[in-house]
Amino acid sequence: MPVRIVMLGDIVGRPGRQAVAQLIPVIRQRWKPDLILANAENVANGSGILPEHHQKLRDAGCDALTLGDHAFRKFQAIPLLEEKTDIIRPANLPQGARGKGTMRVPFPAGSAAAGRDLHVITVLGRLFINPPVDDPFAAVEAMLKTVADEHPMILVEIHAEATSEKQAIGWQFNGRVSAVVGSHTHVQTADERILSMGTAYMTDLGMCGPQESVLGRDIDRVLTHMTTGMPAPFDVAEGDPRICGAVIDIDEKTGRATAIERIELKANPAAPPFTAK
Ligand SMILES: [Fe+2]
Ligand SMILES: [Fe+2]
């Protein structure tokens, strides 16, 4: 029986956190995943993460969290990343960066893979994105050398702007990892598929956050900035909260993926936790 992973795209601000909290029970009921992961780089008012957000997302049912280019936007993320084993920053930051770039997420009791781990790595792309980082291909290659399990289950997240770079990572590790999924653009792509050697692939998971927005930010603020060139604080928007991601099935005997499904669920902003005071 394959194991099932859900990976959610970048969670943006409070609407994103609330949508995740409201809809994880729906995901658990409908897809019955063994593990739920999410990218949490935008949870702190759109940039970075605070320890309280980590706790809230764990309480909401996320088993582990990844970050991206905004990993250290809040300095409180440093002790969080050093102390917790269920959250990682990009692996290809310069040497000396604090925190971890890879993690092992244990499958729960009752799972077909109980007693084993999902190996997770997130890497930043280098095209059209800051900060300057080391080679993401080499970073994944180095991580693979550390995995000793037979037929390991490995999830690679490529947090990048360019679709070309994301596809290239997918093909480079086709057949050697269970899945390569993209994040960062906040726009879900419709190219989910199993590559020729059994790696699940999707260029971008999309965003968990307000879809009535520009990538999660207030439309008026962004338009003001783009039409006048004047600075405008990009507050997080509120309208039409949704969560986006993928459901991935992995044959635990081979470590290869057997299915990938793109998901987008609409939250109800008139129901808890949106209405909680
Ligand atoms: Fe993001
Ligand atoms: Fe990002």
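The values are calculated or read from the model by the stated rules, or taken from the named source; none is laboratory data. All of these numbers come straight from a predicted model, not from anything done at the bench. All Cβ positions, glycine included, derive from the backbone under ideal geometry; neighbour counts span all protein chains shown.
Between residues in the stretch 61-73 that are more than 24 Å from TRP31 (Cα to Cα) and at pLDDT 95 or above and residues that are hydroxyl-bearing (Ser, Thr, Tyr) and within 11 Å of ligand 1 (Cβ to nearest atom), which pairs lie under 6 Å by C-beta distance while being six or more apart or on different chains?
Matching pairs, first to second residue: HIS70/SER47; ARG73/SER47.
Would you mind stating whether LEU57 is within 16 Å of ligand 2 (Cβ to nearest atom), under 24 Å from LYS100 (Cα atoms), buried (at least 24 other Cβ atoms within 10 Å of the Cβ) and not aromatic (Phe, Trp, Tyr)? Can you show your working first?
Working: within 16 Å of ligand 2 (Cβ to nearest atom): no; under 24 Å from LYS100 (Cα atoms): yes; buried (at least 24 other Cβ atoms within 10 Å of the Cβ): yes; not aromatic (Phe, Trp, Tyr): yes.
No, not satisfied.
Do you know which residues across the stretch 28-57 are of a type in the set (Val, Ile, Thr) and touching a Gly at 6+ places or on another chain (Cβ under 8 Å)?
In the first step, residues of the stretch 28-57 are kept if they are of a type in the set (Val, Ile, Thr); the result is 36, 43, 49.
The answer is ILE36, VAL43.
Just for the stretch 132-155: of the residues that are out of contact with any strand residue (DSSP E or B) (no Cβ under 8 Å at 6 or more places or on another chain) and assigned to a loop (DSSP other than H, G, I, E, B), which one is nearest to ASP86 (Cα to Cα)?
Step one: filter the stretch 132-155 for residues out of contact with any strand residue (DSSP E or B) (no Cβ under 8 Å at 6 or more places or on another chain), giving 132, 134-135, 137-138, 141-142, 145, 148, 150-151.
Now drop any that are not assigned to a loop (DSSP other than H, G, I, E, B), which leaves 132, 134-135, 148, 150-151.
Working: PRO132: 25, ASP134: 23, ASP135: 24, ALA148: 20, GLU150: 22, HIS151: 22 Å.
Among residues in the stretch 132-155 that are out of contact with any strand residue (DSSP E or B) (no Cβ under 8 Å at 6 or more places or on another chain) and assigned to a loop (DSSP other than H, G, I, E, B), the one nearest to ASP86 (Cα to Cα) is ALA148.
For the list (1) in contact with a strand residue (DSSP E or B) (Cβ under 6 Å, 6 or more places away or on another chain); (2) under 18 Å from ALA160 (Cα atoms); (3) surrounded by fewer than 22 Cβ atoms within 10 Å (Cβ to Cβ), I need the number of the one condition that ILE194 fails.
Among (1) in contact with a strand residue (DSSP E or B) (Cβ under 6 Å, 6 or more places away or on another chain); (2) under 18 Å from ALA160 (Cα atoms); (3) surrounded by fewer than 22 Cβ atoms within 10 Å (Cβ to Cβ), the lone unmet condition for ILE194 is (2).
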